[in-house]
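In what follows, a single structure is set out as structure tokens and then discussed.
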Amino acid sequence: MNTTCILDGHAMGMRNARSMETIGGHNINNTASRMSLQAKAESSVVTKYVWATRDGHTVESAHLQFRTREYDSLCISSQIGCAMKCAFCATGLQGIVRNLTGDEIILQVNGMLGDTQYPARGLEVSFTGMGEPLLNFSAVKSALEHISPDMRVVISTVGIAPGIRKLVGLRMTNLQLRVSLHAPNDELRTELMPITRQYPIGEVLAAAVEYADTLRTRVVLNYVLLKDVNDAEAHAEELVGLLNGLPVRLRLSRFSPVSETGFAESANHHAFEQICAQGGLDVYQFHSLGTEIGAGMGQFRHYRPEAPAPWASRVTRNADLVAV
Ligand code: SF4
């Protein structure tokens, strides 16, 4: 990689040179993968960033400050759009445009660090934005090489079993694997996540257990509770039967509204959690941050410049950084 500016026309990394040092001491500049900050939106604990790529698309990232944690989380995208078509996700409904390069992935991290004061707290880099990271494995792996082993990393996947096994090979002890489950059986999961046809739950869990056993950790299984879809007592009981004894933690997530999906947030979180806990599962609840600015789980989207984000008039636009 060369040493020219990081973000098209505006050297955010140079503006805050510390950000370059914090990503494992590597120089992450690359003229071939420039991006510019197009817009950002802020809530009290989340800043959402919209980056314009050189070929006229956008990707979104977010800096989240969880009050209950000792570290900030930088949520980044690995693809422009996504081919997985998860039924509850805005990104999935838009389809895939292309993979991001490794540089475009890490530029999101550097751009966010360059835009804010580097937090005194620890940092987590979380591949939980747009795209399925394990379907862009080489670029994600390249980006991971620029992240210090001291930083936490999260990779969230729909359960691409061969990709999970490749992750096993990386032996990253600072990496938390998060697998989207969202249903206790293949029939319902196929409705929510069509990828289940290719990787049924049994195959996904087998790969997750291999990951957990090899890395001596537990894999987090994400389960978004959707009203009248997957949130019945019977679903919780089925989950208990499916997961009991496995090296996993079950994360019950609140649905972040995406109006065109037709789904609604469940009111059964507490009862669902109780059944899972009483059945012996390690279970906890998760509240997405930033839903009011479209930065919650499954709310990221991509836009063309000629069809800008409908919320663009509401965001803080930093004219100095716009180079679309
Ligand atoms: S939830 Fe993740 S994997 Fe599924 S469509 Fe959305 S971005 Fe893709």
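Here are the numbers for this structure:
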quantity	calculated
Residue, modelled with the highest pLDDT, within segment 99-125, restricted to residues that are away from the ligand (no atom under 16 Å from the Cβ), polar (S, T, N, Q) and within 17 Å of VAL59 (Cα to Cα)	THR101
Lone qualifier among SER126, SER43 - being in contact (Cβ under 8 Å) with a residue 40 or more places away in the chain, under 27 Å from GLU191 (Cα atoms) and of a type in the set (S, T, N, Q)	SER126
Residue in segment 87-116 that is farthest from LEU135 (Cα to Cα), counting only those that are assigned to a loop (DSSP other than H, G, I, E, B) and more than 15 Å from the chain's Cα centre (by Cα)	THR116
Members of segment 258-282 that are without any contact (Cβ under 8 Å) to a residue 40 or more places away in the chain and either within 20 Å of the chain's Cα centre (by Cα) or within 28 Å of ILE293 (Cβ to Cβ) (or both)	SER259, GLY262, ALA264, HIS270, GLU273
Criterion violated by LEU93 - all others in (1) more than 13 Å from the ligand (Cβ to nearest atom); (2) among the aliphatic types (A, V, I, L, M); (3) crowded, with 17+ Cβ neighbours inside 10 Å; (4) over 23 Å from ARG34 (Cβ atoms) satisfied	(1)
Which numbered condition LEU134 fails, given (1) at pLDDT 95 or above; (2) more than 13 Å from the ligand (Cβ to nearest atom); (3) of a type outside the set (S, T, N, Q); (4) not in a strand (DSSP E or B)	(2)
Every residue from segment 237-252 that is crowded, with 22+ Cβ neighbours inside 10 Å and closer than 18 Å to GLU191 by Cα	LEU239
Which listed residue is over 23 Å from VAL59 (Cα atoms) and either within 12 Å of the ligand (Cβ to nearest atom) or in contact with a Ser or Thr (Cβ under 6 Å, 6 or more places away or on another chain) (or both), from THR128, THR157, THR190, THR173	THR190
Residues of segment 266-299 satisfying the condition of being under 18 Å from VAL229 (Cβ atoms) and acidic (Asp, Glu)	GLU273
Any chance ALA319 is modelled with pLDDT under 95, in contact with a Leu (Cβ under 9 Å, 6 or more places away or on another chain) and more than 16 Å from the ligand (Cβ to nearest atom)	no
Single residue of segment 46-86 satisfying the filter (small (Gly, Ala, Ser), part of a loop (DSSP other than H, G, I, E, B) and in contact (Cβ under 8 Å) with a residue 60 or more places away in the chain) that is farthest from SER148 (Cα to Cα)	GLY56
Residues (touching an Asp or Glu at 6+ places or on another chain (Cβ under 9 Å) and assigned to a loop (DSSP other than H, G, I, E, B)) located in segment 156-181	VAL158, GLY159, ILE160, ASN174
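The values are calculated or read from the model by the stated rules, or taken from the named source; none is laboratory data. Given the structure is predicted, the values throughout are model-derived calculations rather than measurements. For neighbour counting, all protein chains shown are included, and Cβ atoms are generated from backbone atoms with ideal geometry for every residue, glycine included.
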